[in-house]
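Participant: There's a structure below that I have some questions on.
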Amino acid sequence: MLPRRSGLDVCMDIRRAGLATPILLLTARGQTSEKVVGFKLGADDYVTKPFDTLELMARIEALLRRAPTKTGAANAGGTGIHQFGPITLDIRGTQVTRDGQAVYLTAREFQLLRYFVEHQGVTLSRDELLREVWGHEAGTFTRTVDVHVASLRQKLERFPKKPEIILTISGLGYKFQG
């Protein structure tokens, strides 16, 4: 048991932040309904106590094998630094530079860019972006994703009206090309 918070709360916060980090819940709560809630909140695996250490290690290794990779963006040894063209994204340092110059991003723009980088080459729908970056339910009608993408393009693209980094996939959403 975690002090002051539950593992489910932590899991939910990690997913709301747009992180694709593998999550394994290790808990004494073993009822099926509790496991289902854990999976619905974004857990990738669920292990109940008592557990076998070798099985736990095998499950962790399996999660890490399936974890999203940063293909296409230079990930300097797991440091959280991603390079795409003239742009550097430092996830841990929460900094973005373009041609060595600092780029000011709002917290939400930073979260959106991080989500794009973590899902490079994948077409992401507006509903998915709203759900994963903003925490809104799918089906919410809003132009906030489009506004934030336009703002990112203004700050990152050489020619924002002819984007090369964040592409619009007509009728489907956006794709980060990096």
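The values are calculated or read from the model by the stated rules, or taken from the named source; none is laboratory data. Predicted model only: the values in this text are computed from it and were never measured. Every residue, glycine among them, receives a Cβ derived from its backbone with ideal geometry; neighbour counts consider all protein chains shown. For the accessible areas, the whole protein counts, side chains as well, though only heavy atoms, and no ligand, DNA or RNA atoms are used. Shrake-Rupley method; radii C 1.70, N 1.55, O 1.52, S 1.80 Å.
Participant: List every residue pair whose Cβ atoms lie under 6 Å apart, where the two residues are 6 or more positions apart in sequence or sit on different chains, the first residue falls within the range 124-138 and is touching a residue at least 40 places away in the same chain (Cβ under 8 Å), and the second residue, located anywhere, is assigned to a strand (DSSP E or B) and surrounded by 15 or more Cβ atoms within 10 Å (Cβ to Cβ).
Facilitator: LEU124/GLY173; LEU124/TYR174; SER125/GLY173; ARG126/GLY173
Participant: Exactly one condition in (1) under 18 Å from GLY135 (Cβ atoms); (2) open to solvent by less than 50 Å² (accessible area, probe 1.4 Å); (3) not aliphatic (A, V, I, L, M) is not met by ASP13; state its number.
Facilitator: Checking ASP13 against (1) under 18 Å from GLY135 (Cβ atoms); (2) open to solvent by less than 50 Å² (accessible area, probe 1.4 Å); (3) not aliphatic (A, V, I, L, M), the one that fails is (2).
Participant: Among the residues of the range 112-159, what is the count of those that are open to solvent by less than 40 Å² (accessible area, probe 1.4 Å) and at positive phi?
Facilitator: So the count comes out to 1.
Participant: Let me ask you something else. Being in contact (Cβ under 8 Å) with a residue 40 or more places away in the chain and either in a strand (DSSP E or B) or over 15 Å from ILE60 (Cβ atoms) (or both) is the filter here; which residues of the range 13-48 pass it?
Facilitator: Residues satisfying the conditions are ARG15, ARG16, ALA17, GLY18, LEU19, ALA20.
Participant: In the range 61-113, what residues are hydroxyl-bearing (Ser, Thr, Tyr), at pLDDT below 85 and either in contact with a His (Cβ under 6 Å, 6 or more places away or on another chain) or within 20 Å of GLN177 (Cα to Cα) (or both)? Before you say what the answer is, go through the steps one by one.
Facilitator: In the first step, residues of the range 61-113 are kept if they are hydroxyl-bearing (Ser, Thr, Tyr); the result is 69, 71, 79, 88, 94, 97, 104, 106.
Subset that is at pLDDT below 85: 69, 71, 79.
Result: THR69, THR71.
Participant: Does LEU113 satisfy the criteria of being in contact with an Asp or Glu (Cβ under 6 Å, 6 or more places away or on another chain) and part of a helix (DSSP H, G or I)?
Facilitator: Values: in contact with an Asp or Glu (Cβ under 6 Å, 6 or more places away or on another chain): no; part of a helix (DSSP H, G or I): yes.
Considered against the rule, which asks whether it is in contact with an Asp or Glu (Cβ under 6 Å, 6 or more places away or on another chain) and part of a helix (DSSP H, G or I), LEU113 comes out as no.
Participant: I'd like to check something: does the range 170-178 contain any residue that is hydroxyl-bearing (Ser, Thr, Tyr), part of a strand (DSSP E or B), surrounded by 13 or more Cβ atoms within 10 Å (Cβ to Cβ) and free of Cβ contacts under 8 Å to residues at least 40 places away in the same chain? I'd like the intermediate steps shown before the answer.
Facilitator: First pass over the range 170-178, keeping only residues hydroxyl-bearing (Ser, Thr, Tyr): 170, 174.
Pick out the ones that are also part of a strand (DSSP E or B) and you get 174.
Then keep just the ones that are surrounded by 13 or more Cβ atoms within 10 Å (Cβ to Cβ); that gives 174.
Those left that are additionally free of Cβ contacts under 8 Å to residues at least 40 places away in the same chain: none.
No; the residues of the range 170-178 include none that is hydroxyl-bearing (Ser, Thr, Tyr), part of a strand (DSSP E or B), surrounded by 13 or more Cβ atoms within 10 Å (Cβ to Cβ) and free of Cβ contacts under 8 Å to residues at least 40 places away in the same chain.
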